[in-house]
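Inspection log for the structure reproduced underneath, given as structure tokens.
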Protein chains: 4
Amino acid sequence: MAHRPGDVERRIVETRLRVRYAETDQMGVVYHANYLVWMEVGRVEYCRAAGIRYREMERQDKVLLTVAEAGCRYHAPALYDDEVVVRTWVAQAHPRMVRFEYEMVAAEDGRRLVTGFTKHVFCTPALKPTKLPSKYFQEFGITGNG
Amino acid sequence: MAHRPGDVERRIVETRLRVRYAETDQMGVVYHANYLVWMEVGRVEYCRAAGIRYREMERQDKVLLTVAEAGCRYHAPALYDDEVVVRTWVAQAHPRMVRFEYEMVAAEDGRRLVTGFTKHVFCTPALKPTKLPSKYFQEFGITGNG
Amino acid sequence: MAHRPGDVERRIVETRLRVRYAETDQMGVVYHANYLVWMEVGRVEYCRAAGIRYREMERQDKVLLTVAEAGCRYHAPALYDDEVVVRTWVAQAHPRMVRFEYEMVAAEDGRRLVTGFTKHVFCTPALKPTKLPSKYFQEFGITGNG
Amino acid sequence: MAHRPGDVERRIVETRLRVRYAETDQMGVVYHANYLVWMEVGRVEYCRAAGIRYREMERQDKVLLTVAEAGCRYHAPALYDDEVVVRTWVAQAHPRMVRFEYEMVAAEDGRRLVTGFTKHVFCTPALKPTKLPSKYFQEFGITGNG
């Protein structure tokens, strides 16, 4: 993939979770929408590792990370009680948007479960687009002046 | 059951829903927590039938129906794509609380799936207990002066 | 979009659902993963309108519709108690895969909420790829000989 | 509470989880049905601590732990990103049923969130009641001869 403006260095953050019974369906595997929830878990842990507590960003800075787009490729199903490793990185970031990418693998045998992305727009609590406060630029890998 | 103060006339409101794949688990039946969600569906339709749009009660009157207690008995499992009838009634109501009861049956064969209840406290948006505005008393079957 | 082999005539099936409280999040809007669940609702109703009861296809023909890929664009948020119209159509179909596309709008004001797609692979109960039985070809708009 | 036959010694198992955004609702707190899911998480970790991998019990011994009854009291709401401690113990057990009880508290300030129980019946994969294999008696605290 060519390097484009807004592309950032990949810092990959790993987080782990265990598949809940509630997350399975009658096919005997994890219901596909739940991977989007796990992406959220990965994203929040990415922020925490970068020194941002997303909860405080919402509460104190009144900046919300709304989802504008999401995509998922399902490679192999996760099973009940599997431990899943969620790898998260920022693929692109501007003061108005950020794109996270994800890879999920089974902890036990390393098989690749899902790859995907979410694209976010920074918004006010009234859900109007806004700019990310510059104090957060570094954490999201934004290097320009926005 | 003895008649107690606060007991109300039973108006039973029926609503129907179809079981989603997402709501099943690997046992091949509906995951048990989802029945609480269906109780919410029944409750909202009960309110609508009584002339209350719960959304407006939250928005305009700033009264929220928080859940203080819930209970469920599972008689038979609901299956994927089953049509489920949710019967909802108010079992008890005061200006500060209301208790809904529920019975869910399969539309196809009438088999009883779940019976249960939820007990609610009226709260402010800051989640402090409050009194239900008297204009809603009749809809919840509150006859006294609170 | 150019016409490609495997493209099918668009029959659009509409289904309606009402947003549940359970489906909202603390942003005050529907949590983004739930739109994938609504796509499933649309897909099942598409099948029903085409004369296929997906439940029976799983049970009797032992053919499962696994999800290989999914994508979503979020245009405007759905709100609690909104009535949502889910429009579903088959965009592409082969004996081994089918691609559904979706558009969701708010029933009240017609505002576009989400557009998206899911790509599916027909599988055995052991989740191995298989061919769709030819008796279903017409319903999925498959015209060739596979 | 009086000691009854079938009562067991309380071994309390603690597990921790972090509240997901997906688990909140527009009240700004955790949606009440999710505590039942967390009870499941607690139950599975209870089993793991007792030397049972519930997944293997289902797969190898074909014994399923179906839910026959559940109850919840909501004391204080859990908030997004809170760390929650789930305490789980077996309150009663027979070869045909087991009753788990739970207490959930916020890790940060120890405030009590929810107390509750679930009552389970051991079943075959066809969901017919069965007896727990005796090799599991000790783990569930069953001392009699069933």
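If we scan region A:47-56, do we find a residue that is under 30 Å from residue B:81 (Cα atoms), over 12 Å from the mean Cα position of the chain (by Cα) and of a type in the set (Lys, Arg)? Within region A:47-56 (the criterion being under 30 Å from residue B:81 (Cα atoms), over 12 Å from the mean Cα position of the chain (by Cα) and of a type in the set (Lys, Arg)), the answer is no, since none of the residues qualifies. Residues of region A:119-135 that are assigned to a loop (DSSP other than H, G, I, E, B), surrounded by fewer than 19 Cβ atoms within 10 Å (Cβ to Cβ) and not β-branched (Val, Ile, Thr): A:125, A:126, A:127, A:128, A:131, A:133.
Just one of (1) in a loop (DSSP other than H, G, I, E, B); (2) under 12 Å from the mean Cα position of the chain (by Cα) fails for residue A:37. It is (1).
Within the span defined as region D:136-143, every residue fails to be crowded, with 20+ Cβ neighbours inside 10 Å, of a type in the set (Val, Ile, Thr) and at pLDDT 95 or above.
Please tell me if residue A:70 is crowded, with 22+ Cβ neighbours inside 10 Å, in contact with a Ser or Thr (Cβ under 6 Å, 6 or more places away or on another chain) and under 30 Å from residue C:125 (Cβ atoms). Here the answer is yes, as residue A:70 does meet what is asked. Residues in region B:64-118 that are at the interface with another protein chain (Cβ under 10 Å from one of its Cβ atoms) and either free of Cβ contacts under 8 Å to residues at least 24 places away in the same chain or in a loop (DSSP other than H, G, I, E, B) (or both): 7 in all. Whenever a residue of region A:37-52 is within 20 Å of residue A:133 (Cα to Cα), its partners that are surrounded by 19 or more Cβ atoms within 10 Å (Cβ to Cβ) and modelled with pLDDT under 95, lying with C-beta atoms within less than 6 angstrom and at least six residues away or across chains, give the pairs A:44/A:54; A:47/A:54.
For region D:19-49, the candidate set comprises residues that are more than 7 Å from every other protein chain (Cβ to nearest Cβ) and of a type in the set (Ser, Thr, Tyr); within that set, the residue that is farthest from residue D:64 (Cα to Cα) is D:35. Within region A:83-98, the set of residues being over 14 Å from residue A:114 (Cα atoms) and surrounded by 21 or more Cβ atoms within 10 Å (Cβ to Cβ) comprises A:90, A:93, A:98. Being crowded, with 19+ Cβ neighbours inside 10 Å, farther than 26 Å from residue B:29 by Cα and either at pLDDT below 95 or acidic (Asp, Glu) (or both) is not true of residue A:56. Note on region A:63-87: residues that are in contact with a Phe, Trp or Tyr (Cβ under 9 Å, 6 or more places away or on another chain) and under 27 Å from residue C:78 (Cα atoms) amount to 11. For region B:40-87, the set of residues classified as of a type in the set (A, V, I, L, M) and closer than 23 Å to residue B:19 by Cβ consists of B:41, B:44, B:49, B:67, B:70, B:76, B:78, B:79, B:84, B:85, B:86, listed by residue number. The residue that is farthest from the other protein chains (Cβ to nearest Cβ), counting only those in region B:50-62 that are in a helix (DSSP H, G or I) and touching a Phe, Trp or Tyr at 6+ places or on another chain (Cβ under 9 Å), is B:57. If only residues of region C:1-48 that are surrounded by fewer than 16 Cβ atoms within 10 Å (Cβ to Cβ) and modelled with pLDDT of 95 or more are counted, the one that is farthest from residue C:142 (Cα to Cα) is C:16.
The values are calculated or read from the model by the stated rules, or taken from the named source; none is laboratory data. Quantities reported herein were computed from a predicted structural model and do not represent experimental measurements. For neighbour counting, all protein chains shown are included, and Cβ atoms are generated from backbone atoms with ideal geometry for every residue, glycine included.
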